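The values are calculated or read from the model by the stated rules, or taken from the named source; none is laboratory data. Everything numeric in this text was worked out from a predicted model, so none of it was measured. When we count neighbours, we look across all protein chains shown, and the Cβ atoms used for this are built from the backbone with ideal geometry, even at glycine.
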Amino acid sequence: MRSFLNIVLMILFAFLTHKFIPFWWFFAIATFLVSFAFGESTLKSFFTGFISVFLLWLSLSIVISVSNNFILIEKVGALLSLPSSILLIPITAFLGGILGALASVSGYLLKTISD
């Protein structure tokens, strides 16, 4: 249950930082801080950070792509020579998830050092 709350907090803080701070990487600070404050273990921190940012970036990518009629994703998919431009959405979410997981683990490990 606590891991679910961590996921919800990470999604909430990462979304709010996305709305008010124009840097794409600022979600990492949000997952870092949540894991620093509420992290339980290295493995749980990794998966909560991954799942939260993966879901956030997946939903944001879909919303942005739908709002511009998939024009941008088709052009970037053609530029990267992807077999289907829709593959760019899960690839983006996966990369964001990995970054969120690493930031989350870093927050937890800093917490264990300071204890």
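Structure data summary
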item	result
Filter result for Ser85 (of a type in the set (S, T, N, Q) and modelled with pLDDT under 90)	yes
Residues of the range 1-23 that turn out to be over 13 Å from Leu33 (Cα atoms) and either in contact with a Phe, Trp or Tyr (Cβ under 8 Å, 6 or more places away or on another chain) or not charged (D, E, K, R) (or both), as a count	13
Number of the exception - Ser3 against (1) at pLDDT 90 or above; (2) within 16 Å of the chain's Cα centre (by Cα); (3) closer than 22 Å to Leu109 by Cα	(1)
Subset tally (residues that are surrounded by 18 or more Cβ atoms within 10 Å (Cβ to Cβ) and under 24 Å from Phe26 (Cβ atoms)) for the range 64-91	4
Residue match in the range 43-63 (condition: exposed (fewer than 13 other Cβ atoms within 10 Å of the Cβ), within 30 Å of Ser114 (Cβ to Cβ) and not β-branched (Val, Ile, Thr))	yes
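So that you can scan it fast, the table gives a plain yes or no per residue for (1) out of contact with any strand residue (DSSP E or B) (no Cβ under 7 Å at 6 or more places or on another chain); (2) farther than 16 Å from Ile7 by Cα; (3) of a type in the set (A, V, I, L, M, F, W, C):
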| site | (1), (2), (3) |
| --- | --- |
| Trp24 | yes, yes, yes |
| Glu40 | yes, no, no |
| Val53 | yes, no, yes |
| Ile62 | yes, yes, yes |
| Val66 | yes, yes, yes |
| Leu80 | yes, yes, yes |
| Ser84 | yes, yes, no |
